[in-house]
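Notes to accompany the following structure.
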Amino acid sequence: MAKFEKHLTGNFDEFLQRISDSVLNGSMSASYEDGSDWTSGEVRCAVRVFERYSAMGGNRVSMNVTLVGKGEELFLTAITSGGSQAVFWKVNTMGEEDAMECEGSCVN
């Protein structure tokens, strides 16, 4: 598992689109699996789940991206999962870490 978190300032909708575009254009095998949106007053929350094939790990890796915003104040968290080939413990997490590199690059 790899995790990335960052406080940001910007437009919620534009940033959410930028994340999606970055993930989907970052890998030929990337796909959007599902998502959810929630609003309460000024607070917005968007959850997106992506999946892609990891050639390094020889398996599929998923990434959950959650963006929370209140006005221009944003908080992003992205967590990867999967990618291990072992039954009882994680042996190979290279695919998870590789998938996270795409996410980190779209916020800088």
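The values are calculated or read from the model by the stated rules, or taken from the named source; none is laboratory data. Since the model is a prediction, treat every value here as computed from it, not as a measurement. Note that we place each Cβ from the backbone using ideal geometry, even for glycine, and neighbour counts take in every protein chain shown. SASA here: full protein model, heavy atoms, side chains in, ligands and nucleic acids out. Shrake-Rupley method; radii C 1.70, N 1.55, O 1.52, S 1.80 Å.
Quick notes
- The numbered conditions (1) assigned to a strand (DSSP E or B); (2) at pLDDT below 95; (3) over 12 Å from the mean Cα position of the chain (by Cα) are all true for R52 except (3).
- S29, sole failed condition from (1) of a type in the set (G, A, S); (2) surrounded by fewer than 19 Cβ atoms within 10 Å (Cβ to Cβ); (3) in a strand (DSSP E or B): (3)
- Any hit, the range 57-64, residues being within 18 Å of T9 (Cβ to Cβ), open to solvent by less than 30 Å² (accessible area, probe 1.4 Å), under 17 Å from the mean Cα position of the chain (by Cα) and at pLDDT 85 or above: no
- Restricting the range 1-36 to residues that are out of contact with any Ser or Thr (no Cβ under 6 Å at 6 or more places or on another chain) and acidic (D, E), the residue that is nearest to G69 (Cα to Cα) is D13.
- Given (1) loosely packed, with under 11 Cβ neighbours inside 10 Å; (2) modelled with pLDDT of 95 or more, index of the condition W89 fails: (2)
- Test: residue in the range 53-63 that is in contact with a strand residue (DSSP E or B) (Cβ under 7 Å, 6 or more places away or on another chain) and closer than 18 Å to Q17 by Cβ: yes
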